[in-house]
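Contents: one structure, followed by commentary.
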Amino acid sequence: MGRTTVIGGNWKMHLDLASATALTSELRNRLGSHRGAEVIVFPPFPFLVPVAERLRESAIGVGAQDLHTEASGAYTSAVSAEMIVSSGCSHVLVGHSERRAVFGDEEKIVAEKLSVALAAGLRPVLCIGETLEQRQAGQTFAVVRSQLDSALGEHTASALSDLVVAYEPVWAIGTGLTATPEQAQEIHASIRAHVADHLGLGFAAALRIQYGGSVKPANAVGLLGQDDIDGALVGGASLKAEDFASIVRARQLR
Ligand code: PEP
């Protein structure tokens, strides 16, 4: 299956301007002409423009970590899709578990954000995943299916052609715990099968599904070696250029 590996680096609310630009320059040196995988970094809002400028005409894309549903107006502190596009971004995270848990982004808001991102021409990375309690209650499959259904809604396969899904079990994010490659593969395969039921086999076969949750150089080869794991969304390990670059190259090592 010819799906290009896609590796995202979610910088969350880390770094300052000097360390963000230094990290960007190092990433450009290491990965700026890398062709084996699609690479995207997701810096905090204030750093989008300087990061995008430093990555112009490189193989590394830039995305925002969130967006607001409105295009403009009296929404103090919010950032619209149009602002993100005009800052040089190609991608945006939608529904990250920290947005859902900390900022109260409910499924309806996540669905709206996905629609707004698509309408603005941003490529959305839709994050889904179960909490530890949901996993222990045997609800993992039901939770990810309901998150998919609610976010993808009535969109057609062609409207979703740039979609990337990131399966991120909440209990594995920032905790050092990782799903085993086999556990992750099982969920990824079920996500692909569910998407196939709704959007067709061709769409599902081409859909890239990232795994996220404490991905590091040491576990990346095993995870990315699974048939239905097409990349990784990386938090902590994306803040060290050396670690992030070795995750980007991991699929070629399997
Ligand atoms: C994330 O931010 O999406 C993530 C998976 O973080 P970490 O790699 O630190 O678990």
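The values are calculated or read from the model by the stated rules, or taken from the named source; none is laboratory data. It should be emphasised that the depicted structure is a prediction, and the values quoted were computed from it without experimental measurement. All Cβ positions, even for glycine, are placed from backbone atoms using ideal geometry, and neighbour counts span all protein chains on display. Accessible surface is based on the protein model in full, side chains and every heavy atom, while ligands, DNA and RNA are left aside. Shrake-Rupley method; radii C 1.70, N 1.55, O 1.52, S 1.80 Å.
Under the combined filter of DSSP loop state and at most 11 neighbouring Cβ atoms within 10 Å, the stretch 1-68 retains these trypsin sites (Lys or Arg not before Pro): R35, R56. Under a 5 Å amide H cut-off, with hydrogens placed 1.01 Å from N, T5 pairs with E38 among residues at least 5 apart or on other chains. Amide H contacts of V41: G9, G61, V62, G63, each under 5 Å away and 5 or more positions distant or on a separate chain (H built 1.01 Å from N in the peptide plane; Pro and chain starts excluded).
Taking θ as phi - 60° and the Karplus parameters 6.51, -1.76 and 1.60, the scalar couplings of the stretch 79-91 work out to 10, 8, 4, 5, 5, 5, 4, 6, 8, x, 9, 10, 10 Hz in sequence order, x denoting glycine and proline. Here the chain has 53 percent of its accessible surface on carbon and sulfur atoms, given a 1.4 Å probe and all protein chains in place. Based on the Stokes-Einstein relation at 4 °C and a viscosity of 1.567 mPa s, and on the Kirkwood radius from alpha carbon pairs, the chain is assigned a translational diffusion coefficient of 72 µm²/s. Backbone amide hydrogens, once placed in the peptide plane, bring L15 within less than 5 Å of nothing, excluding anything fewer than 5 places away on its chain. If you only keep lysine pairs separated by 8 or more in sequence, or across chains, how many in the chain come under 28 Å at the Cα atoms? Going through the chain pair by pair, I get 5. Rounded, prolate or oblate, given the Cα gyration tensor of the stretch 56-97, with a/c below 1.5 counting as rounded? Because a/c hits 1.5 or more and a/b fails to exceed b/c, the stretch 56-97 counts as oblate. Dipole of the chain (Lys/Arg Cβ +1, Asp/Glu Cβ -1, origin at the Cα centre): which of H188, L27, W171 lies farthest to the positive side? About the Cα centre, the residue reaching furthest to the positive side is L27.
Three principal axis extents of the stretch 113-254 based on alpha-carbon atoms, in descending order, are 39, 36, 25 Å. Take the Kirkwood radius over Cα pairs of the stretch 182-242, plug it into Stokes-Einstein at 37 °C and 0.692 mPa s, and you get 267 µm²/s for translational diffusion.
More than 26 Å apart: what percent of Cα pairs in the stretch 27-152 qualify? Pairs farther apart than 26 Å: 29 percent. Using a probe of 1.4 angstrom and keeping all protein chains present, the accessible surface of the stretch 100-231 works out to 42 square angstrom per residue.
So what are the ³J(HN,Hα) numbers for the stretch 14-22, from phi and the Karplus equation (6.51, -1.76, 1.60; θ = phi - 60°), rounded to whole Hz, Gly and Pro as x? Calculated HN-Hα couplings, in order: 10, 6, 10, 4, 5, 6, 5, 6, 5 Hz. Computed 3J(HN,Hα) for the stretch 217-223, one whole-Hz value per residue from the Karplus formula 6.51 cos²θ - 1.76 cosθ + 1.60 where θ = phi - 60°, is x, 5, 10, 5, 4, x, 5, glycine and proline marked x.
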